[in-house]
Structure formats: C-alpha cells, structure tokens
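For reference, the structure discussed in these notes is given below.
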Amino acid sequence: MSRIALLATAAVGLALFGAAPATAAHAPTTTATTLTCGPSALRVGLSTKVCAEVTGNSVQLYGQINLAGPPSPGSALPVKDLTTTLTGNAVGGTSLGHLVQPIHFQAATTQVRGIGGTVPCGSTVHAEFTSSAPGHPSSPVTLDVPVTC
C-alpha cells in the first residue's frame with residue numbers, strides 16, 4: 001500500500017472512531033413542555049385564568065388577568081389595583097407554594113408567576129388563582145392537571 005493510501009485509510013479510521021463517541025456524548029435530550037389552562041372566568045370585571053406548564057415532573061403555575069373584551073368606544077381603559085393569590089399543591093401531597101401579590105392592572109395582559117416545583121410522576125396538581133379589589137369579593141379559578149411524565 002502506498003503511503004498516501006495508508007495515511008488516507010488511517011485518517012478515515014480515526015475520523016470514524018473519534019466521531020462516534022463525540023456524537024453520542026453531545027446528543028441533546030429534550031422533554032416537551034405541556035401548557036394547560038383552566039377555563040377563563042370573570043373576576044373583578046376582568047378575565048382571569050390559571051395555567052400550568054409541565055415539563056417531565058417539573059410544574060410551574062401562573063395566573064393570568066386580561067381584559068374580558070374590547071372596551072366600549074370612547075371609554076377609558078380600566079385601571080385597577082388588585083390583590084392576587086396563587087396557590088398550588090400536588091393532590092394529597094406537597095405544597096408548591098402560596099403567593100400573595102398586589103397588581104396594578106392597566107389593560108395589558110398580566111401574569112402572576114412564582115409557584116412551582118417537582119412532583120412525583122402520576123400526581124395531580126391542583127392550582128388556584130384569585131384576584132380581588134376593594135368592594136369586589138374574590139372567588140378562585142382552579143385547575144387540576146395530571147403529571148404523567
């Protein structure tokens with residue numbers, strides 16, 4: 001075998017040998033995130049809902065407030081000082097947290113985040129979100145979402 005053929009064969013062999021482990025070591029593993037939201041409800045004259053983002057057995061909860069519909073022509077956009085509460089737990093298990101947060105709502109969609117954690121596969125997560133304003137009683141919107149992993 002000539003030197004050039006021998007060197008070419010060796011180079012191809014080394015490239016194949018070196019490429020296989022590197023490719024396997026850098027193969028990305030991704031877990032899809034599933035977003036589930038409960039039904040919207042009118043609370044304090046605004047549309048309110050609670051949602052869960054589930055990635056494997058990690059859960060992040062958030063509440064969302066937005067306008068219930070377009071404002072009437074000529075009317076001012078609503079500005080409201082609200083108190084929101086976001087709570088979550090794995091049914092029959094661990095609390096994912098409890099967050100009370102004041103919000104100054106000014107007609108733009110607003111999310112309240114900060115509750116979440118890891119739960120056992122097969123769990124059901126229960127989430128509640130409320131918003132209240134002076135003179136308006138609060139009632140929660142809820143969501144129960146399975147964590148199937």
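For the reader, a short list of remarks on this structure follows.
- Odd one out for Cys51, checked against (1) surrounded by fewer than 17 Cβ atoms within 10 Å (Cβ to Cβ); (2) hydrophobic (A, V, I, L, M, F, W, C); (3) in a strand (DSSP E or B): (1)
- Scanning the range 107-124 for residues that are out of contact with any Asp or Glu (no Cβ under 7 Å at 6 or more places or on another chain) and either closer than 15 Å to Arg43 by Cα or assigned to a strand (DSSP E or B) (or both) turns up Ala107, Thr109, Thr110, Gln111, Val112, Arg113, Gly114, Ile115, Gly116, Gly117, Thr118.
- Scanning the range 65-106 for residues that are without any contact (Cβ under 8 Å) to a residue 24 or more places away in the chain, touching a strand residue (DSSP E or B) at 6+ places or on another chain (Cβ under 7 Å) and open to solvent by 50 Å² or more (accessible area, probe 1.4 Å) returns Ser95, His98, Val100, Gln101, Pro102.
- Odd one out for Ser138 among (1) in contact with a Ser or Thr (Cβ under 9 Å, 6 or more places away or on another chain); (2) under 27 Å from Thr34 (Cβ atoms): (2)
The values are calculated or read from the model by the stated rules, or taken from the named source; none is laboratory data. Values in this document were obtained by computation on a predicted structure and should not be read as measured data. All Cβ positions, glycine included, derive from the backbone under ideal geometry; neighbour counts span all protein chains shown. Keep in mind that these areas ignore ligands, DNA and RNA; they rest on the heavy atoms of the full protein, side chains included. Shrake-Rupley method; radii C 1.70, N 1.55, O 1.52, S 1.80 Å.
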